[in-house]
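In what follows, a single structure is set out as structure tokens and then discussed.
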Amino acid sequence: MEEREHGPAYEDCLDYTPTARSVTLARRHTARLVAAWGYPELAGDAALLVSELATNAVLHGCLRDRLFRVRIALGAAALRVEVTDPRGESVPSPRAAADDEQFGRGLLLVGALADRWGTEPRTVGKVVYAELSIKAHKGDDGPVMRRPELTLPALRQAVATVAAPRLPEFFDEFQQAFVRAGDEDSGVPIRMFYQRWGVVVEIERYPARARRLHAAERAVDSTDPDVRAAAVLEAGEIVRAAHREVTGG
């Protein structure tokens, strides 16, 4: 990473006691700090990464009376978060958690959010890091296409452009809406179908907005209830904003 050659533009490093409250404090501190550094679009992802890595440190990497450290560094190319703990022999690795397990999904979320992540040994302990590429998250706030009309041909083309894997779902739902409209002798199911997929396209045609929504959807499986609650609020705000833009309401 470029910061190792030239030094980071901004850097913050704090030690925490190995408690659940410290995870919450570290997450909130990260979100505020990254936004203050001028990258609010990275703040949510960075906070989630710190939360998951710090939770792992508290559960598996800490010893009694030993602190864990959270470092955040902003370089020219990436934002890097690091969590250092004293147990170098306990190296994290992703695994598939059972449906009834409370924990075990954190590293899957880290892998989904981060552009890079891994571990580095220390003389005592280890560092687990995750990086968010600034170029991948900056400068793509504009739409990749014009907002389509709420007609079947226009929506079909739009879905094919911004969310091609969802085309089978699109056609299945249209068929279901058509059947319901006939059964109910009403055009409401068709109008609802157009609005729903208009909202999907409205979100997906903005890459930064779509990335925020998908990150929030993944975060709903977080082990941290505060992260889950924040993710639900974030997803709801994104969908409601897109709905207002599509319907004018």
Expressed in nanometres to one decimal, the distance between label points 7 Å along Cα→Cβ at A76 and A20 is 4.4 nm
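Report the calculated FRET efficiency for L152 and R28 (r = Cβ-Cβ distance, R0 = 45 Å), to the nearest 0.05. Write down the numbers at each step before the final one.
Values: r = 46 Å, r/R0 = 1.01.
Given R0 = 45 Å and the Cβ-Cβ separation, E is 0.50.
In whole percent, and with a 1.4 Å probe on the protein chains, what portion of the accessible area of the range 156-245 is carbon and sulfur?
Percent of accessible area from carbon and sulfur atoms in the range 156-245: 56.
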Taking Cα atoms only, helix 188-204 is inclined relative to the longest principal axis of the chain by an angle, in degrees rounded to 10, of 40 degrees
Burial-style ranking of 163-171, 40-48, average other-beta-carbon count within 10 Å with highest first, yields 40-48, 163-171
In Å², rounded to a whole number, the accessible area per residue of the chain with probe 1.4 Å is 53 Å²
Taking Cα pairs closer than 8 Å and at least 6 residues apart, the relative contact order of the chain in percent is 16 percent
Descending packing, highest mean Cβ count within 10 Å first, for 15-24, 200-209, 213-222, 116-125 is 200-209, 213-222, 15-24, 116-125
Quick tally, 1.4 Å probe accessible area for T30, T84, sorted with the most first, runs T84, T30
Of the accessible area of the range 16-88, computed with a 1.4 Å probe and all protein chains kept, carbon and sulfur make up a percent value of 53 percent
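The values are calculated or read from the model by the stated rules, or taken from the named source; none is laboratory data. It should be emphasised that the depicted structure is a prediction, and the values quoted were computed from it without experimental measurement. Counting neighbours? That spans all protein chains shown, and the Cβs are built from the backbone with ideal geometry, glycine included. All accessible areas refer to the heavy atoms of the entire protein, side chains included, with ligands and DNA or RNA removed. Shrake-Rupley method; radii C 1.70, N 1.55, O 1.52, S 1.80 Å.
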